[in-house]
Amino acid sequence: MIVPTFARLRPGSRQDLSSLLLPLLMLLAVAVTSGALAWSYINDNIVIYGDSVSHLQIARQVVDNITPGVSQLGTSWLPLLHVLELPFIWNDHLWHSGLAGGIVSTIAAWGSAFFAFRLAQELSGSKFAGFAAGLLLLSNPNLLYMQTTPMNESLFICTALGSAHYLVRWVKDSRDQDLVLAGLFGLATAFNRYEGWALILAQAVVVAIIAWRRGGWEAGEGLGLAYASLAGLAPLLWFVWNWVLFGSPFDFLSNPFSSRSNMDIAMQEAGISTLPTLHNLPAATQYYGLAVYEMMGPVMCLAAVAGALYLLWRLIRRQAEVNPLPLLSLAAPGIFLIYSIYDGITAIWLPDLAPHLALNVRYGLYVLPLMLGLVAMLSRLPLGNLILGVVVVAQLALMAMGPSAAAFDEQRVNEEFCASRVEVLGTDRCIPFTAGPEYLQQNYDGGRILISARLDWLIYESDLPIKELIHEGNRDLWREALQDPSTYARWIVMSGTQPGLTADAVLNALHDSPVVAQDYAKVFDSRGLTIYRRNDEVWPPSAVSGESP
Amino acid sequence: MKKPHSRCPSWFRRVPRNSVGQGSPPAAHIGLKGLPPQQSAQRVLTRWQRWFGFVLALGLPAFLILYTQATLICLLAASVSIYTLCSLYKLAVTLRAFWSSPEVPISGEDIAALDDDSLPLYTVLLPVYREANVIPQLIESVAALDYPRDKLDVKILLEADDRETARALAGLQLAPCFEVIEVPEGKPQGKPRACNFGLSRARGKFCALYDAEDRPDPDQLKKSLIAFAKGGRRVACVQAKLSYYNPSQNLLTRWFTTEYSAWFDLVLPGLHAWGAPIPLGGTSNHFRVDVLREVGSWDAFNVTEDADLGIRLYRRGWRTVIIDSVTYEEANSSLLSWIRQRSRWIKGYIQTWLVHMRNPLRLLREMGLHGFLSFQVMVGGTIFSYLANPIFWAMTGVWYISRPEALPALFPLPVFYIGTVAFVAGNLFFIYSHVLGCLRHRQYSLVKYAWTMPLYWLLMSVALWKAIFQLVRRPHYWEKTEHGLHELPQVGKVSVGGIRRADS
């Protein structure tokens, strides 16, 4: 029997088309994220986000320092991003433009698109759902902005999606290799953000529960431990690192650069004494929920809620097509953040809620992998792919109407705040927008500078040579220089006016130092920033007064 | 239609006295017939090796006295480099095996397709020495092998002075396929010499070797034949996997089982996948008999004759493959006995390395660069790691306890960085490779013990020093491993798998 050509080709063509979806998504991912990076680069937006410069400086100090080395990675922020920046950071342009971090974040965004596709495909059994999840990821303006910056978010989303994808595959096929890959991506996640620790804990429990139900206690214990043996290395090695560097495995919790210290400073800057979310679980949940909404937009939130309700309905009827535990483990970073906000370890501030500032709104992005997975579940509904198509079109339409990148706006809100609060100084957040960098650019003429690493914005904006800086990362030299500044430093930079109220260790150590008074001249004093220069050289009197605010 | 074959029980017979071999020429027992003596461990060191050792023994202290810091820096840099390269190679080998399961693929259909009538005669060598308490178990395990009885040529190799095992054997009824051979007294006494004696009387085209306490998978001989057929003419040896049936007896047996899971389930299959030389495990090796005779069989002077034979096969262009069939053994549960056994293994590894490094250029030519490097890592590197581990751990400990100023001066920055990464990542990788081994072997209850393996490695270092000492004093002495420390299922009045006490 002769079969018409079209009849023979059609099924195959459909197959071929669906196999093109992932390559197509990856092409789109490369184009869109590279375009976003180019936009940020051209408009100098790569480093405007609060901590961007700090991340770049940490990486740069590893290779460019009086005492270079991996100890410069420090103990506050987890090191993966900074390590990944090292191949680029040595280049002055890549460092100063922020591209060294932006490139890492952009490549991570490609990985995010790939794993979003794979995770959604595994959960829904549909490549179209995978494609839709990838498009939803790429149409999130906040992620598109964050993936141009030297921040952790893009990398976190990539590795979290990767670990969830391999965990889902392990649940389906019980291949040890998938468990190892899940652990490896969990390890990367936990080496990037503390939220990752919550994720790997949840995933280890998920592995143990699933293995226990399948093979008894021994399997549960063994496989849970096997996952934790890899992923859990991140916290373990971090404790050891902290212990080796600063004598306490928990130094990251209490050092002057810790999250809690940063919160104190942020509150001090904002002039508030109590966080509205402190020990208030509903408020903490509300603030985090709103941050998620700001980051995801209404379409994603609605679709994710619908996906969650569908999953719940299937679970209640005991008809769930997939084991939901690996997907639900992606909620752990969000739960961790709500607890952190509740406990005051960190905070999220939103312009619409007290204290009407913007801080850490980007944390809402940490549940993006969970939401993508939940949205993919819609594909299992009758006409599921059509529904998903509508969601994607709505999201793209929303973006086309005017992208709202709350993460990007965060900086603008804070800049306005800084401009309006000239009297509240003694903090680092607002200083870069003042005359300090300009003064140093024009007047720095060589010599060692004693300065806290907390003023990284100032260092970066002033273009000071890092090899001439003496800061906390130089450890012994730093301690000696604080004891005897005139022997080690030609310049001293302090921020703040009242010792004890600031995290600037130079001010705290030297604000009333007779050595400074005797050996140094105050050459700049403006908006809480004070610069001293050693007296042993002639100094033009006109420069001493500095610049008025 | 496949011809059914029965097991042995009803036609057991007493040990026939006339079946005990007598008076074979001693030259046949020591192996390496027709091979130059420099390929045997009979002489521990050749002349140039002795000179090299002598110069090293004099030169190193002299350099240490004259140029203390520079010499120590060079030694540390060399150690760090070796350790790093070994770790990377073992990482590649382990991951290859974990990802691709490179054992020869053998399906149930492959086994079912074998025609019993066309199976070749298979010799099974069972060297035993003072194994009276496990001999019934051994006979039972061999009797349980799924292979036509008339195609089996089982040789129990009994040392002449082993009256105890002979008495135990006398109390058993053995099937006609069993032959008890008395290995005449001679030096060096040990398993390889007995095996060579057995090989000289082997009638099979293929032969397998099992230890006294072994319990091989019943289909292992058939799997081995399929592997030979699939592997092609260059495959001379098939190595089955070893594991232990008493892992939960105590901490030592848990460690031992964990170690074997990593070695036999990952490292050896990885070497097989990379086409690298495989230091054979001491039992469950299957050979083409003609090739085995051609390469000189086992070196009676080498106390890890298995590892040496694996390397020699590779040098002659033959290949070893791994099959997914397990032989269960008894893990040594006594610490002192374990140290004796392990010191023999390490001594044998040193012998093997010295023997094959007598002419490094020739070794390189015969093995190729990859084979040569793999041999250095798997044999030389293993010895080195036992030597270096406690030294580096001690240095790390001393640094964090007392921070002596002299220590940092010995580590220039590149050495420090590479050394630190290799030390941390290397140790973590080796621990994790044991986790992977447990996963592969489905030994889930042992995963947690993988994290305590560094303590086990310390014991290996103790065994290393015993091995070095013994290599000098008694290079060919065979430390007998005591078997039967694990409580076996009662074998006595009740028939167990075809074994019946004569008095029952």
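Evaluated with a Cβ-only charge set (Lys, Arg +1; Asp, Glu -1), the protein assembly as shown carries a dipole of roughly 5420 debye about its Cα centre, given to the nearest 20.
In this structure, A:Leu28 and B:Arg442 have a Cβ-Cβ separation that, at R0 = 56 Å, corresponds to a calculated FRET efficiency of about 0.85.
Hydrodynamic estimate: the Kirkwood radius of the stretch A:76-190 over Cα pairs, inserted into Stokes-Einstein at 10 °C and 1.306 mPa s, corresponds to D of 108 µm²/s. The H on the amide N of B:Val124, modeled in the peptide plane, is under 5 Å from the matching H of B:Asp153, B:Val154, B:Lys155, B:Ala208, each at least 5 residues off or on a different chain. Here chain A yields Rg over Rh of 1.03, to two decimals, using C-alpha coordinates and the Kirkwood radius. Note on the stretch B:365-427 and the stretch B:336-358: Cα centroid distance 21 Å, given to the nearest whole angstrom.
Screening chain A for whole DSSP H helices of 20 Å or more along their axis (Cα) with average Kyte-Doolittle hydropathy at least -0.5 returns A:21-42, A:99-124, A:153-173, A:176-190, A:195-231, A:281-316, A:384-401.
Remark: for residue pairs B:Lys222/B:Lys480; B:Lys155/B:Lys466; B:Lys191/B:Lys241; A:Lys127/A:Lys172; B:Lys151/B:Lys223, the C-alpha separation exceeds 24 Å in B:Lys222/B:Lys480; B:Lys155/B:Lys466.
Stretching the chain fully between B:Arg233 and B:Leu458 yields a gain of 76.8 nm (0.36 nm per residue, less the alpha carbon separation). Ordered from longest to shortest, the equivalent ellipsoid semi-axes for the protein assembly as shown are 65, 39, 23 Å, each the square root of 5 times a Cα gyration tensor eigenvalue. Between amide H atoms placed 1.01 Å from N, distances below 5 Å from B:Thr327 occur with B:Asp217, B:Lys241, B:Leu242, B:Ser243, all of them 5 or more places distant or on a separate chain. Note on A:334-343: average number of Cβ atoms from other chains within 10 Å of each residue's Cβ is 0. Pairwise alpha-carbon distances in the stretch B:310-452 exceed 23 Å for 58% of all pairs. Counting only DSSP H runs of at least 4 residues, each contributing -39500 (n - 2.57), and dividing by the residue count of chain A, the helix-based mean residue ellipticity at 222 nm comes to -20000 deg cm²/dmol.
Ordering A:Pro87, B:Asn427, A:Pro298 by the projection of their Cα atoms onto the charge dipole of the protein assembly as shown, which places +1 on the Cβ of Lys and Arg and -1 on the Cβ of Asp and Glu, puts B:Asn427 at the extreme positive end. Charged side chains reduced to their Cβ positions (Lys and Arg at +1, Asp and Glu at -1) give the stretch A:28-136 a dipole of some 320 debye around its Cα centre. The amide H of A:Gly344, built 1.01 Å from its N in the peptide plane, has A:His279 as neighbours under 5 Å, considering only residues 5 or more places off or on other chains. Taking the charge dipole of the protein assembly as shown about its Cα centre, with +1 at Lys and Arg Cβ atoms and -1 at Asp and Glu Cβ atoms, the residue from A:Leu325, B:Pro176, B:Pro61 reaching farthest to the positive side is B:Pro176. Looking at the protein assembly as shown alone, DSSP beta bridges between its own residues are antiparallel in about 45 percent of cases. Assuming charge only on the beta carbon of Lys and Arg (+1) and of Asp and Glu (-1), the dipole of the stretch A:128-239 about its Cα centre is about 160 debye to the nearest 20.
Its DSSP H runs of at least 4 residues, each contributing -39,500 (n - 2.57), put the calculated 222 nm mean residue ellipticity of chain B at -16000 deg cm²/dmol, to the nearest 500. Both the radius of gyration and Dmax for chain B are 23.5, 80 Å, in that order, over alpha-carbon atoms. Note that the stretch B:313-321 has calculated 3J(HN,Hα) couplings of 4, 5, 4, 8, x, 8, 10, 10, 10 Hz, one per residue in order, obtained from phi through the Karplus relation 6.51 cos²θ - 1.76 cosθ + 1.60 (θ = phi - 60°); glycine and proline are x. Taking 15 Å as the straight-line reach from the Cα of B:Lys347, the aspartates and glutamates in range (excluding those fewer than 8 positions away in the same chain) are B:Asp299, B:Glu305, B:Asp306, B:Asp308, B:Glu479.
Any read-out appearing in this document is the output of simple, stated calculations on the displayed coordinates, not a laboratory observation. In this text, all values refer to a predicted model and were calculated from it rather than measured experimentally. Here the Cβ is made from the backbone with ideal geometry for all residues, glycine too, and neighbour counts use every protein chain on show.
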